[in-house]
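Here's the structure we're looking at; comments come further down.
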Amino acid sequence: MAQEKKAGLLRRTSSSKKPLKEKVVLMYDEIFTDDPAKTNPRFWDELFLMKVNLEYLEGKLESLDGDEVMVVKDNINSLFHHCVLALEEEHQIKVVNALQTLCALFRGVHQKNKSATGFDIINMLVGFDKAELRMKVSHMFSVAFGELFQKMNVFVFQVTDNISQNTILEYVMINSIFEAILQIVSDVSSRGQHGYDAVVLLALLVNYRKYESVNPYIVKLSIVDDEPTLDGLGMVVHQALTEYNRQYKNKEEENHGGFFSTLTSMVGNMFIADTEEKLSVQTNEAILLALYEAVHLNRNFITVLAQSHPEIEMTAAPVTPIPTTPTSLGTTPPSLDMMHNPELPLDPNLQTSNLLITFLKYSSIVMQDTKDEHRLNSARLCLIILTCIAEDQYADAFLHDDNMNFRVNLHRMPMRHRKKAADKTIPSRPLVCAVLDLMVEFIVTHMMKEFPMDLYMRCVQIIHKLICYQKKCRIRLHYTWRELWSALINLLKFLLSNETTLLAKHNIFQLALQVVSLFNMFITYGDTFLPTPSSYDELYYEIVRMHQVFDNLYCMGNRRSLW
């Protein structure tokens, strides 16, 4: 029966042949009808020297019905096997063609078996009896050309509607490709070509069923201590976030470029809703997720946040191709342009930046508009990352290091009652000042009807953790504390003014209690971390001047406690 089906398939293929078919197409036809090596011992060597016809190969697989696929399964296994063997060739053309053929096989078999469960697809590609021998996935990803690596994000996460049915993903969870990903990231040349895709894939693998079972990628990422690998991971994240900041800055300059643009904006504001005038630059949740996992899981990565990256060295970075990561992730890969960062360290002759500075600037952009759920989630992830940083002792030490001062120009939301950010000169200060500025900026600019309660809670918690560190280490930070106190008092005023509306949705007492606790810390322990006695005077002045707010908060608490 099987022979009859194979013969029928051969007749169908033969009858549809065109006289001018290219040789590689004819060779594909041979693969799907018989063992081509019987008639031509050099068949496989010749095949991988020819340019791959992806469209025809995928179409060939798609044209087969279910029974015919099972008939030619051994042939598909053989093709897969010889592709893997070709990866070990020194001839780079063979390696590239083998990788492209593997891509076509993955895509074609998955499209043909979308409803397959278990390890049926592995059986179709490799064969159960030879899977462990032939599935050299780690080797595939560590090959310099990495063509398959660029497409793996799509194969792994988009090839089936139900990710639980993706058997290729299940296989790479059992047969880890973690070391291969690190090899891509740690090598300068391969990182330039495929580092972005490698980091995104790692972030997605780390999050696959992370709460349902033991995820080997979580365990392995948490114990990485190789400095070049961690530096490479940090560099990929740094470049991706810097590219986003650059794109946003360019759009901002376009929207404020000259008199005509200003006049157009003024007229447009009369008729266009606020949501339409927001600068639309696609956020990069995928790379942000990778940063969170690195900071959260690996304590050694904290040191990478502080490492300076001279802009001169970045101009020699290799060209990064457009990745094929899922668009639903909101990824914005680094462009081919090199990034120029205005951060100035103590040495005025050398422009440098670091990952933490770039992340703070990125966060200041994302946090401006949280009305959209997509950006709200992105802002939440930024605050979670900042919480992890504020909880780490080494990160706190670097943030408060008075010998490491930077000018960090955070983006500020345009508001009618204050000057533009460009009008304000930013002094060179420890980085903790930039973090506090970001928190103050968020508190001041998000008192609105759709109150982001959880973001405010995280924001106040970050401030609390930083002050606890200053109290513990007796660090007298020269910061404009009055801006923070004013922002916190205004937040309490907002809660009181919108008590009825907010209580219907949120437990505002929890937030109010955290704010009051902050003031208690300043009053009780301020002498250990406030810079001068006059700072204490300013604190008491603000509290006395705005005593009505605290009195009203006390009355509200008493009133609600009786209900």
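When only Cα pairs under 8 Å and 6 or more residues apart are kept, what is the percent relative contact order across the range 409-563?
25 percent
Using DSSP to call loops (not H, G, I, E or B), can you name the trypsin sites (Lys or Arg not before Pro) in the range 473-563 whose Cβ has at most 12 other Cβ atoms within 10 angstrom?
Sparse-neighbourhood loop trypsin sites (Lys or Arg not before Pro): Arg474, Lys505.
If a/c stays under 1.5 just call it rounded; otherwise compare a/b with b/c (prolate if a/b is bigger, oblate if not). Do that for the range 380-486, with a ≥ b ≥ c from the square roots of the Cα gyration tensor eigenvalues.
oblate
Mean separation of Cα pairs under 8 Å and 6+ residues apart, divided by the residue count of the range 438-517: what relative contact order is that in percent?
Relative contact order comes out at 42 percent.
All of the numbers you see were taken from the coordinates with simple rules; none came from a lab. This structure is a prediction, so every number in the text was calculated from the model and none was measured. Reconstructed Cβ throughout: ideal geometry from the backbone, glycine too, with neighbour counts over all protein chains shown.
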